[in-house]
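See structure below.
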Amino acid sequence: MGQQFSDQTQLVLNKLPEKVAKHVTLVRESGSLTYEEFLGRVAELNDITAKVASGQEKHLLFEVQPGSDSSAFWKVVVRVVCTKINKSTGIVEASRIMNLYQFIQLYKDITSQASGVLAQSSTSEDPDENSSSVTSCQASLWMGRVKQLTDEEECCICMDGRADLILPCAHSFCQKCIDK
């Protein structure tokens, strides 16, 4: 019975529009995530990006925005600041704020890409050969992904307009839907 339900659920998910199915997957993945696990993932991303950016000029840094806490509503209000820093000058080149869903997507992207990059650099006989070609613009590429994730925030009512209005409850919608 359980397997039949699971197969039926998967069949329904396969028929949903891609964006809705992605949202369902993110909700499922974040559902069992504890605040401590979330903080562990933030620290893990900082470790991974530091390893990949070793010897590079640019570096990504992730931190939980002040005011995000471990209250019962943390999944709604938590924000992660992603900052691209020039290590030699200490200048912040770009910064974006992500919600939990965007962070989970980025976490999955970076951990899967970085595992390949780190595995390749550890098996190379000439570490300088791979690190310069593979990771020279890694921070910029990942920051581009952060920009893409934060720019594509869409209204969950019409799923058409950009969700540019954030209510005090942290839900975001397009102005047209709020006006209706």
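The values are calculated or read from the model by the stated rules, or taken from the named source; none is laboratory data. All of these numbers come straight from a predicted model, not from anything done at the bench. Protein only, heavy atoms only, side chains kept; ligands, DNA and RNA dropped before computing areas. Shrake-Rupley method; radii C 1.70, N 1.55, O 1.52, S 1.80 Å.
Whole-Hz ³J(HN,Hα) for each residue in region 29-39, computed from phi via Karplus 6.51 cos²θ - 1.76 cosθ + 1.60 with θ = phi - 60°, x for glycine and proline: what do you get?
Coupling constants for region 29-39: 5, 7, x, 9, 6, 8, 5, 5, 5, 4, 4 Hz.
Excluding ligands and nucleic acids, what accessible area in Å² is computed for VAL77 using a 1.4 Å probe, to the nearest 10?
VAL77 has an accessible surface of roughly 60 Å² with all protein chains in place.
Would you pull out the residues with amide H under 5 Å of LYS87's amide H, same chain only if 5 or more places away, H placed 1.01 Å from N?
Here LYS58, HIS59 satisfy the definition.
Among the listed pairs LYS87/LYS108; LYS58/LYS147; LYS75/LYS176; LYS58/LYS108; LYS51/LYS147; LYS87/LYS147, which have their C-alpha atoms separated by more than 18 angstrom in this model? If you can, show how the numbers build up before the last one.
Numbers: LYS87/LYS108 25 Å; LYS58/LYS147 16 Å; LYS75/LYS176 26 Å; LYS58/LYS108 21 Å; LYS51/LYS147 22 Å; LYS87/LYS147 20 Å.
Checking Cα-Cα distances, LYS87/LYS108; LYS75/LYS176; LYS58/LYS108; LYS51/LYS147; LYS87/LYS147 exceed 18 Å.
Subtracting the Cα-Cα distance from 0.36 nm times the residue separation, let me have the gained length for THR89 to TYR35 in nm, one decimal. All intermediate terms of the calculation are to be shown ahead of the outcome.
Values: separation 54, 0.36 × 54 = 19.44 nm, distance 3.35 nm.
Extra length available between THR89 and TYR35 comes to 16.1 nm.
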